[in-house]
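Trainee: One structure is given below, represented as structure tokens, and several questions about it will come after.
The values are calculated or read from the model by the stated rules, or taken from the named source; none is laboratory data. None of the values given here were measured: they were computed from a predicted structure. So basically every Cβ, Gly included, is an ideal-geometry build from the backbone, and we count neighbours across all protein chains shown. Remember, those area values only see protein heavy atoms, side chains included, never the ligands or the DNA or RNA. Shrake-Rupley method; radii C 1.70, N 1.55, O 1.52, S 1.80 Å.
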Amino acid sequence: MITLLAATLLAVQFPGGAPNEFVGALAKGANRSVVLALSAAHTIPKADFEIDDFDLMARSIRKQTQLAILPGIDLVLSDQLLPKRLVTEVVYRGGGQSESDQLEIESKIAEIRASKLPTSPTASSDLPINFVDLPASSVQNGTITFATEKSDALQVQKLNGPLSKPVKSHWIYQEIPIYVQVKDMPELDLMKWSAKALGARLIATANEYNFELDPIEVRKRAIAAIVANARPTVGRKEDIAIVQDRQNFRIACLNALTPAQLTEALATPDASTRIELNPRGTLTNLALNQVRALQKYQESIPPGTAGPKSAIGLLQRVDPNRKAYLIVERGFTVRIEVPVLDKDGNPAGVVRL
């Protein structure tokens, strides 16, 4: 009987529920502090796991809930995704061939995405979030005891106030909900755990805590979110193929960017970076293949059907005396800017795809 009771106490049977319910069950079962960051508030699936073997527990939680216990021995968890709104591509509509005009980016692709593709895997079960401040009463002698409850969650910038120094954060982390159940945790540890859950780089100085951008981790989470939010569509095989091709191109370009280029592109919510396409560069090859794929797709659009035609014949009109660029901007949108000649061989602005 004693052996059976001990085995029962080493197991957690979570019936499914809100993030704070999961955090509470894990903290109680393991008798340890827990910090969880999610890309969106959603119901956590049912999960049964034992807590006496850390590695086995981590694997069980990942398999049953899609949540990862991040590297280390602490109970810091994340879905390792960015919020969907942060990876939603910007679609420009317009026309023209001048430097100031932005040609339509594959309106057919946008139409397919809008009408055929569901949102995120958890969109149907998204839960409300009530962002709260860290109360002054939770801080005693440099340690923190606090639990978020019901629909409450912390935001990184709301950690200001009762702490010993102010908190600054890169904008990309500021609306991600953080669920906590911590007891007698040193202030610095809560900052470290929160940074790990968010995928941020914590810089703790004598004057402030700064959650700086970690471009490598953000790229991993952005790509994972792009894949997670994509779903097979229906329709013509060409429509299905171009949606998948666009996703593959976008991911390949993001993987090819340097940390500095990513940092520049994410400096502010509306920042962007322009990357010159060199003749033998990896990004140039990706751009060429994408233009060819778009031309093939546009040529497949039935006669009389509305749809973009800007890629057709584009490679035959390239202006060799001007540079082509890859543009990375809001929503991790990746665009190609190609300088072109008119029918008389004179510079005629650019085409943006």
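Trainee: Suppose we keep only residues that are modelled with pLDDT of 90 or more and hydroxyl-bearing (Ser, Thr, Tyr) within segment 114-143. Which one would you say is surrounded by the most Cβ atoms within 10 Å (Cβ to Cβ)?
Mentor: SER138
Trainee: Now for a separate question. Under the condition of being closer than 23 Å to LEU266 by Cα and crowded, with 17+ Cβ neighbours inside 10 Å, which residue from segment 160-186 is farthest from the chain's Cα centre (by Cα)?
Mentor: By that ranking, first place goes to VAL167.
Trainee: I would also like to ask the following. Within the group ILE312, ILE336, which residue is β-branched (Val, Ile, Thr) and within 28 Å of the chain's Cα centre (by Cα)?
Mentor: On inspection, the qualifying residue turns out to be ILE336.
Trainee: Also: Among all residue pairs at least 6 apart or on different chains, which show Cβ distances below 6 Å where the first residue, located in segment 222-237, is closer than 21 Å to ILE176 by Cβ and hydrophobic (A, V, I, L, M, F, W, C) and the second is buried (at least 16 other Cβ atoms within 10 Å of the Cβ) and at pLDDT below 75?
Mentor: Close Cβ pairs (under 6 Å, with a partner that is buried (at least 16 other Cβ atoms within 10 Å of the Cβ) and at pLDDT below 75) amount to ALA228/PRO121.
Trainee: For segment 196-214, give me the residue count where each residue is surrounded by fewer than 21 Cβ atoms within 10 Å (Cβ to Cβ), not acidic (Asp, Glu) and not in a loop (DSSP other than H, G, I, E, B).
Mentor: Adding up the residues that qualify gives 5.
Trainee: Another question, then. Select from segment 40-67 the residues that are in contact (Cβ under 8 Å) with a residue 12 or more places away in the chain and outside any loop (DSSP other than H, G, I, E, B) and list them in ascending order.
Mentor: HIS42, ILE44, ALA47, ASP48, PHE49, GLU50, PHE54, MET57, SER60, ILE61, GLN64, THR65
Trainee: Output the residues belonging to segment 330-348 that are assigned to a strand (DSSP E or B), of a type outside the set (Ser, Thr, Tyr) and surrounded by 18 or more Cβ atoms within 10 Å (Cβ to Cβ).
Mentor: VAL334, ARG335, ILE336, GLU337, VAL338, PRO339, VAL340
Trainee: Would it be correct to say that ASP189 is open to solvent by 10 Å² or more (accessible area, probe 1.4 Å), part of a helix (DSSP H, G or I) and either modelled with pLDDT under 95 or under 19 Å from ASP74 (Cα atoms) (or both)? Show your work before the answer.
Mentor: Values: open to solvent by 10 Å² or more (accessible area, probe 1.4 Å): yes; part of a helix (DSSP H, G or I): yes; either modelled with pLDDT under 95 or under 19 Å from ASP74 (Cα atoms) (or both): yes.
In short, yes.
Trainee: Let me ask another. Are there helices (runs of 4 or more DSSP H) fully within segment 232-320 with at least 2 residues that are under 30 Å from HIS170 (Cα atoms) and open to solvent by 60 Å² or more (accessible area, probe 1.4 Å)? List them.
Mentor: Ranges flagged: 237-256, 259-265.
Trainee: Can you find a residue in segment 148-157 that is under 30 Å from ASN229 (Cβ atoms), modelled with pLDDT under 95, in contact with a Lys or Arg (Cβ under 7 Å, 6 or more places away or on another chain) and open to solvent by 10 Å² or more (accessible area, probe 1.4 Å)?
Mentor: Among the residues of segment 148-157, not one is under 30 Å from ASN229 (Cβ atoms), modelled with pLDDT under 95, in contact with a Lys or Arg (Cβ under 7 Å, 6 or more places away or on another chain) and open to solvent by 10 Å² or more (accessible area, probe 1.4 Å), which makes the answer no.
Trainee: So for segment 306-323 (the condition being at pLDDT 90 or above, out of contact with any helix residue (DSSP H, G or I) (no Cβ under 7 Å at 6 or more places or on another chain) and closer than 24 Å to ALA271 by Cα), does at least one residue qualify?
Mentor: yes
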